[in-house]
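Undergrad: Attaching a single structure in C-alpha cells format; questions to follow.
Read-outs: derived from the displayed coordinates by stated rules, not from any lab. What you are looking at is a predicted structure, and each value in this text was computed from that prediction instead of being measured. Here Cβ is always computed from backbone atoms with ideal geometry, including for glycine, and neighbour counts include all displayed protein chains.
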Amino acid sequence: MVKEAPSIGRMVAMVVFTMSCFGLLLFLWLAFGGSVPLRPEGYRMTVSVPEAATLAVEADVRMAGVNVGKVKKKKLGKGALATDIELELNERFAPVPKDSKAILRQKTLLGESYIELAPGHKRDGNMLEDGARLANSRVEDTVQLDEIFNAFDDPTREAYREWVKQLAGAIKGGRSSELNDALGNLEGFAVDGAKLLGTLDDQQIAVRRLIKNTGVVFGAINEREGALQGLIRNSNNTFEATASQDEALADTFQVFPTFLDESKATLARLERFARNTRPLVNDLKGPADDLGPTVRDLGDLSPNLARLFRDLTPLVRAGRKGLPALEGVVREAEPLFEQAHVFLPELNPMLSMFNFYQARVAGFISNAGSDLTGANGGGNGAPRTGAGRGAATTPGGGDATEMSGGASPRS
C-alpha cells in the first residue's frame, strides 16, 4: 500500500484528468440533447401535428436543414386527433412569422422524426408571440413511408425488398443503432466533411508533412515497443495508486480552497513586506560596497587571529589556577586597601609638595649618596674634606653641598 503523500505534480495531473473527464461527459450530454439545469427558457411556440407517435422529446427543430431548437413537450390534443408539441427556438431565430409552415419529417428510414419549419414573411404585426400557437392551417400533413411505397410499381418494390434484405444482413448482430446514427448524422457529416476537405486541400503541404511525420513516429514506437509497453504499464500503476488514495485525494480537494486563500493572503503580505523593505535594501547598497574592503582586510588578518586563538590555549590553562590564586590575593589584600585609604589622603599633600619642589627633590636624590658618604667618613675612617670632593664648608658648619644641592636645580 502506498503511504507516501502525493506530490504537487501528481495532484495537478489528477485534477487535469478529472476536469477533462468532466468536460468530455458534459460535451456528450449536450451533444445528445441533454438539458442544462437553471438555464432560462428561450422563445417557445406550440404546433399541433397529426401522427407524431415517432417524435421524441428533445428531438430537433430544423429550418432549412439547420438545427434551430428542440422539442420540449408533447401531449394529445382535444379529441386525440393531433398532438400538441411545444417547441423552443434559439434566440437568434426567434420570433417566427405567423405565416410560417411546419411539418413532421423523418431523419432516416427507420422512423426518427423532427420538426421542419419554413419561415414566412417578416413584417410588423405578423410575428408569433412567445408561447403562442401556430395556426393549424399552417401545419402540413406528414407523408408516411408506407404511403411512399404504395406509389412504387412492382419492379421498384421488388428491388426495395432486396435492398432491405441486404440491409438486414448489414445490421445483424445489434448494429442497427450504429446504422441509424450514421444515417442521422450523414447530412452534418457531409457538410462538415466538405469544410474539412477544403481546409486540408488548402493545407496540403502541412498534411503531407503530418502523414510523413506520423509514419516516423509509428516507426519509432515499433522499434521501442518495450518502452511503450512499460509506459502503458506504469500508467496503469499510476491510476491504480490514484484509485487507492481516493479518500486522501478527496480530503486534498476539500482543503485546497483553504490552501489557496491562505496562499493568497501570504503573497499579499510578502508583497507589502517587499515594498516596505525596498528603501532599506537601497540604503544598504552603499554599506555593502564599503564592506568589501573590510572583508578583504579580515581575510588578511584571519591567519594572525587564528594563531592568536591557538596561543590562548596555554593562557587559559594557566588561568584555571592563576585566577583563583589572584582572587585569594585580592581578598587578603582587602585590609591593606582599607588602611591605604587612610594613608593615601595624607600622602597626597606630600606628593603635591614634591611636585612643587621637584627640582630640589631631584637634586637631593642625585647628590644624597655622595653627601651621606662624606659626612660619615671614607673608607679609612677619617672625615673627608670639602676640597677632597671639590666642595667647601660654610662658616656655620654646614656643608656647601647643601647649598649647591639647592642651587643646582636652579642653575
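Undergrad: Does Thr294 satisfy the condition of being surrounded by 10 or more Cβ atoms within 10 Å (Cβ to Cβ) and in contact (Cβ under 8 Å) with a residue 60 or more places away in the chain?
TA: no
Undergrad: Which condition from (1) under 28 Å from Arg44 (Cβ atoms); (2) more than 56 Å from the chain's Cα centre (by Cα); (3) assigned to a loop (DSSP other than H, G, I, E, B) is the one that Glu129 breaks?
TA: (2)
Undergrad: Among the residues of segment 152-174, are any touching a helix residue (DSSP H, G or I) at 6+ places or on another chain (Cβ under 9 Å), of a type outside the set (A, V, I, L, M, F, W, C) and exposed (fewer than 10 other Cβ atoms within 10 Å of the Cβ)?
TA: No.
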